[in-house]
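The structure appears below as structure tokens.
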Amino acid sequence: MKQLDLQVIQQARAWIAEGRPIWLCTVITTFGSAPRGPGAMLVCLGSGEHCGSLSGGCVEDDFLERVGEGFFPPVSQVVRYGEGGLAPTRALPCGGVLDVLVEYLAPSAESEAHLHAIESAFAGSSLIVRRVLLGTEQRSITPGSMAAAKVEVDTEQVAIRIGAVQRLLLAGLSPVAQFCASFALSLGYEVIVCDPRKEVTSAFSLPGVEVLEVLPAVYIANGGCHASTAVVALTHDPRLDDLTLLEAVRTPAFYIGAMGSQRTSSKRFERLARIGGLDEATLQRIHAPIGLRLGSKTPAEIALAVMADILRVSNGIARDAL
């Protein structure tokens, strides 16, 4: 899940708390070209105020207009945009098709509890499956597992697996880390910088980035990583980087990487094996040298290579498939 969807749920909770009914929409299926994938969310009011995105623009205007006109009955339903979908919108400019779960939530303790459970899942406290009974206002939350499909749809209900928002943990601040933070925000990541060096972090400020003056290894040891976390060590300081890697490999983080040349990386692996006792299988989890080989030279170019490699792993693309 992306951070934008967390913002959607936080806005939904705020509107419900104000006593305002909402429409909560979730992309459940895409065919062909589609800017956002299954799980993408949007919340809106009848007045047209909204947060989030379903398509990047071509669907939202039509949907908000229909909501304002009272087109949708106040029950859960699946609507299609694209060929064979809602008339008169029969085709999308990109040529794709997307099915959207549309839910009406009235202000109530039940709605607040449901949204709170979703927000908690996005924060990494649990993995859930939310089930929505079509044609009704009934919905529920059950424990989930990674073995479950992200979205399941049948004639009676929609089941959506929800887990933590993707997180980028930057172990130490550096010029490359600063560009990684900027790129990651654009990609929808939650971004956290851990660096105990106050003289380094005091001059850094980027809206949306949380800066913690703590050793990255300490933050990780205290539960700072979940299965949707990418951990990158970019300082060239083995006192920070090695401790970070030793803790990170004990977590379910989906990406662990460290910056350095091939020679530096070989020495680092030797230290981690000798001092940390890491076996070969564990060392294989660490991407070093970090990043795709793009011929990068400047901090911005290196950061781009790092984030591209994280995106590759997140999307399940093998390096040799590029």
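The values are calculated or read from the model by the stated rules, or taken from the named source; none is laboratory data. Everything numeric here is computed off the predicted structure, so don't read it as measured data. Note: ideal-geometry Cβ built from the backbone for every residue, glycine included; neighbour counts use all protein chains shown. Areas reflect the complete protein model, heavy atoms only, side chains present, ligands, DNA and RNA absent. Shrake-Rupley method; radii C 1.70, N 1.55, O 1.52, S 1.80 Å.
Things worth noting here:
- One residue stands out in region 140-178 among those that are out of contact with any His (no Cβ under 9 Å at 6 or more places or on another chain) and among the charged types (D, E, K, R): the one that is most open to solvent (accessible area, probe 1.4 Å), namely E156.
- Hits in region 270-309 (condition: open to solvent by 70 Å² or more (accessible area, probe 1.4 Å) and either in contact with a Leu (Cβ under 6 Å, 6 or more places away or on another chain) or of a type in the set (S, T, Y) (or both)): none
- Neighbours by Cβ (under 8 Å, 6+ apart or cross-chain): first from region 1-29, modelled with pLDDT of 95 or more and open to solvent by 50 Å² or more (accessible area, probe 1.4 Å); second assigned to a strand (DSSP E or B) and small (G, A, S): Q11/G52
- Put simply, of G223, G257 the only residue that is out of contact with any helix residue (DSSP H, G or I) (no Cβ under 6 Å at 6 or more places or on another chain), at positive phi and not aromatic (F, W, Y) is G223.
- So D242, is it at pLDDT below 90 and either assigned to a helix (DSSP H, G or I) or not aliphatic (A, V, I, L, M) (or both): no
- Residue list for region 66-115, restricted to those being of a type in the set (D, E) and at pLDDT below 90: E83, D99
- Filtered residue count, region 204-218, keeping only those that are outside any helix (DSSP H, G or I) and either surrounded by 15 or more Cβ atoms within 10 Å (Cβ to Cβ) or not acidic (D, E) (or both): 10
- Residue in region 123-133 that is open to solvent by less than 60 Å² (accessible area, probe 1.4 Å), in contact with a Lys or Arg (Cβ under 6 Å, 6 or more places away or on another chain) and without any contact (Cβ under 8 Å) to a residue 40 or more places away in the chain present: yes
- Qualifying residue in region 149-163 (condition: among the charged types (D, E, K, R) and farther than 30 Å from L101 by Cα): no
- One residue from R239, R319, R312 being touching a helix residue (DSSP H, G or I) at 6+ places or on another chain (Cβ under 8 Å) and open to solvent by 40 Å² or more (accessible area, probe 1.4 Å): R319
- Of the residues making up region 242-261, those that are under 17 Å from G277 (Cβ atoms) and open to solvent by less than 10 Å² (accessible area, probe 1.4 Å) are T244, L245, A248, I256.
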